[in-house]
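What follows draws every value from the coordinates through simple rules; no lab data is involved. All of these numbers come straight from a predicted model, not from anything done at the bench. Here the Cβ is made from the backbone with ideal geometry for all residues, glycine too, and neighbour counts use every protein chain on show.
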Amino acid sequence: MSRRVYRLHSTLELPLEDVYDHFDDPDLPEDIAAVDITRRNNTLILSAEPATDSISKYTPTAQLKASVTENRVYEEDPDEHPPNRMGGGPQWGALEDEEEEIESELVEYACFKGDRETVLQNSALQFPMFEVLVDIALEAEKGQLTAIIASDGDLQAIRVEDSERKPASISVDEDPPDHDDEDGVNWRNNEFI
């Protein structure tokens with residue numbers, strides 16, 4: 001059974017804590033025994049551990065990369081509590097009119113953003129690791145994952161948006177016409193390079 005990822009684009013964001021929780025007791029593809037999670041500064045790397053010894057320990061297995069960012073999350077919607085104003089204008093110096101501070105906290109987010117080479121790297125166990133990414137996408141409340149995969153010779157389109165699978169299709173477009181621009185620089189035949 002031949003399965004491959006041809007095209008992938010991701011804009012997924014989810015709390016870092018949710019990523020760690022997901023891998024506490026994951027339902028992994030049969031080719032993957034475990035997923036190692038490593039954090040280097042603001043980069044999160046999820047590496048596949050093979051389930052069999054058929055892959056050499058020196059062969060780099062597929063990994064998912066995410067950037068880690070901090071976002072301020074408010075307990076209540078700031079728009080629900082407009083400032084308390086008397087007479088419609090600003091009341092400078094009136095202590096009783098101070099705006100209530102809205103409770104908030106800084107939350108770290110894992111952002112799986114980019115194309116295939118940015119988000120999903122290395123070819124050994126690439127398709128099973130893509131399946132792991134789809135599971136993560138189904139938990140991400142924000143963002144989209146689109147992909148074109150081949151499974152047993154058939155192309156399929158995958159789309160997950162805001163934690164829900166959505167219908168997707170593949171369309172074939174003609175290549176743009178090949179114009180030889182007289183105004184542009186031909187870098188391949190440039191004698192000065």
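Some values worked out for this structure:
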| item | result |
| --- | --- |
| Total formal charge among the other residues, if their Cβ is under 14 angstrom from that of Ser2, Lys/Arg +1 and Asp/Glu -1 | -1 |
| Order of Thr38, Thr69 under a 10 Å beta carbon neighbour criterion, fewest first | Thr38, Thr69 |
| DSSP-assigned coil residues among trypsin sites (Lys or Arg not before Pro) in the range 1-32, each with at most 15 further Cβ atoms within 10 Å | none |
| Lysines whose Cα lies under 18 Å from that of Lys166, excluding same-chain neighbours fewer than 8 positions away | Lys142 |
| Eligible lysines near Lys57 by straight Cα distance, threshold 24 Å, same-chain separation 8 or greater | Lys65 |
